[in-house]
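Q: Supplied in structure tokens, the structure appears directly below.
None of the figures in this text is laboratory data; all of them are computed from the coordinates on show. Nothing here was measured: the structure is a model prediction, and the numbers come from that model. Because the Cβ atoms are built from the backbone with ideal geometry, glycine has one as well, and the counts that use them run over all protein chains shown.
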Amino acid sequence: MLRFTFIIAFLCTSVYLSQGQYTLTQALQDASTKNSTATLIDLARQEADLKYSIASHKNLPQLNLVAQSTYQSETSGIDLSFPGVSIPRLSKDQYKAQLDISQNIYDGGAISALKDNARLEGELNAINAVADMDKIKERVILLYFGILEVDKRLENLQLVKDDLNGMEKRLTAAVQNGISLKSELNNIKVEQINVATQENELSTIRKTLTTQLEVWTHHSLAPSDKLEIPSTTLVEESFNKQLPALAMFDIQKKQISLSQRLDEISRRPKIGAFAQLGYGKPGLNFLKNEFAPYYLVGVRAQWNISSFYDQSHQNKLNALYQSKLQVKEDLVYQQLNTQAIQMQNDIAKLEDTKDMDSEIILLRKQIKETGAVQLENGAITSADYLLKLNDYKEAILKLELNQILARKTQYLLKHLKGY
């Protein structure tokens, strides 16, 4: 007996496990990790790191190798003659191979600004990719709850089918006993066909939604897999500062500050060392018409004085950029808050009607059961009964769909706030 009980328990467990459960959390996680947009976020960060390294290399000595061969129509020379002294002229063909070396000593902070700009560009590209990812997540939420809604409608139709099948059996007996007309039975059969048609339509819609969900999550769903209705989730009062729509403004503010830094840097002097190592004909001694090595070292200072001309205008322009950015940020906050308030009101309204909807279901059930007895006894027509049955069905469906809608709105609100 114990062995038989164990086998039954094992079989039940196997059947239960064969019907996989797929949660919204899993769907969102799959969309985040398996979608190609996730790769874009990683690539944006790698790009920023590489640009940062490239900017850092500008602090290293800069090398430039130049090779040159020329032929000229005239060359320098001294047209004097002395007894016993020959002053040769330079050859018209001349050659030079030279390595130019420059080393930054003081650039006013230009290289540091380049590195900061590389970081900001990387952050901006990553945020744009995150924004694209958020759109995908929102679509996943809508698809997930869309499937849940279809499932509830299918469950509701199954209840109607059970009622209609039971009524068909009772009316068949009533017709045979001469209590009811066959036309009443036929009305029930017509309604059964209508329900079957609705089932087929809903099954097609579910298949379409499931296929779309699989595309965005890269997760295959078997026909037996069930989507779990998510539990109630807590929504934070404030918006997440990492929300792309808000984080974008932080990056743009930093870019304006960086632009101000670059303006200041352009007005600073630049100091650098340089050297030239070469081998050519002639060398530095142009009177010596032969191949010779040579070198040259020095320090160079540059200062663009004219950059001060536009200083005041540039400062005003940067202040204007900051003002425009602040106005845009305020508008985005206003739009987000408006959406959040609307969602919160929708959730509260759906929660407030739950008790009344439950009471209506109880009353509609009693009316439907009374109508079933009346139909069996010929007191009402099948059309009257079907109206009562549909009212009961709609009452149940309204409550269940409102619960799903409230849950969906909660998760969309949470997503809107960046959590």
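Q: When the convex hull of the C-alpha atoms of segment 299-360 is computed, what volume per residue in Å³ does it have?
A: Hull volume over Cα atoms, normalised by residue count, gives 92 Å³.
Q: In nanometres, what is the gap between the two model label sites at residue 301 and residue 356, each 7 Å from Cα along Cα-to-Cβ?
A: Placing both labels 7 Å beyond Cα along the Cβ direction yields 8.4 nm.
Q: Turning to a different aspect of this structure: Rounded to whole Å and sorted largest first, what semi-axes of the equivalent ellipsoid does the C-alpha gyration tensor of segment 78-217 yield via the square root of 5 times each eigenvalue?
A: 96, 19, 7
Q: Taking the Cα atoms of segment 263-378, what is the range of coordinates along each of the three principal axes, in descending order and whole Å?
A: 131, 41, 18
Q: As a check on your grasp of the helix formula, calculate [θ] at 222 nm for the chain: sum -39500 (n - 2.57) over DSSP H runs of n ≥ 4, divide by the residue count, round to the nearest 500.
A: Dividing the helical sum by the residues of the chain leaves -23500 deg cm²/dmol.
Q: Please give the helix 244-266 orientation as an angle from the longest Cα principal axis of the chain, in degrees from 0 to 90, rounded to the nearest 10.
A: With rounding to tens, the tilt is 10 degrees.
Q: Which angle from 0 to 90°, rounded to the nearest 10, does the C-alpha axis of helix 354-376 make with the longest principal axis of the chain?
A: Its long axis makes an angle of about 40 degrees.
Q: Would you report the distance distribution of C-alpha pairs in the chain as whole percents per 20 angstrom bin, up to the bin with the largest distance?
A: Taking every Cα pair in the chain, the percentages come to 16, 29, 23, 15, 10, 5, 2, 0.
Q: Based on Cα positions only, what radius of gyration and what Dmax would you give for segment 131-286, in angstroms?
A: Computed over the Cα atoms of segment 131-286, radius of gyration and Dmax are 35.9, 132 Å.
Q: Also, quick follow-up: Could you name the aspartates and glutamates in cross-link range of residue 414, using Cα to Cα under 16 Å and dropping any fewer than eight places away on the same chain?
A: Partners found: 134, 138, 236, 237, 346.
Q: In straight Cα distance, which aspartates and glutamates are under 20 Å from residue 169, not counting same-chain residues fewer than 8 positions off?
A: 184, 191, 369, 376, 384
Q: Give me the distance in nm between label points sitting 7 Å out from Cα along the Cα-to-Cβ direction at residue 46 and residue 374, one decimal.
A: Rounded to a tenth, the inter-label distance reads 7.2 nm.
Q: Additional query: Taking 19 Å as the cut-off for C-alpha to C-alpha distance, list the pairs among 152/408; 34/135; 253/316; 115/316; 58/96 that go past it.
A: 115/316; 58/96
Q: Between segment 341-366 and segment 119-186, what's the alpha-carbon centroid distance in Å?
A: After rounding, the separation between the Cα centres reads 19 Å.
Q: Just round it to a whole percent: the fraction of Cα-Cα distances in segment 164-248 exceeding 22 Å.
A: Pairs farther apart than 22 Å: 63 percent.
Q: Where does helix 24-34 land angle-wise versus the long Cα axis of the chain, in degrees 0 to 90, nearest 10?
A: With rounding to tens, the tilt is 30 degrees.
Q: Considering every Cα-Cα pair within segment 88-144, what fraction, in whole percent, is farther apart than 20 Å?
A: 66 percent
Q: From largest to smallest, what semi-axes in whole angstrom does segment 197-345 give when each is the square root of 5 times an eigenvalue of its alpha carbon gyration tensor?
A: Equivalent ellipsoid semi-axes, largest first: 65, 31, 12 Å.
Q: I need the peptides 216-223, 197-204, 380-387 ranked by packing, meaning the mean over residues of other C-beta atoms within 10 angstrom, with the highest value on top.
A: Result, highest mean Cβ count within 10 Å first: 380-387, 216-223, 197-204.
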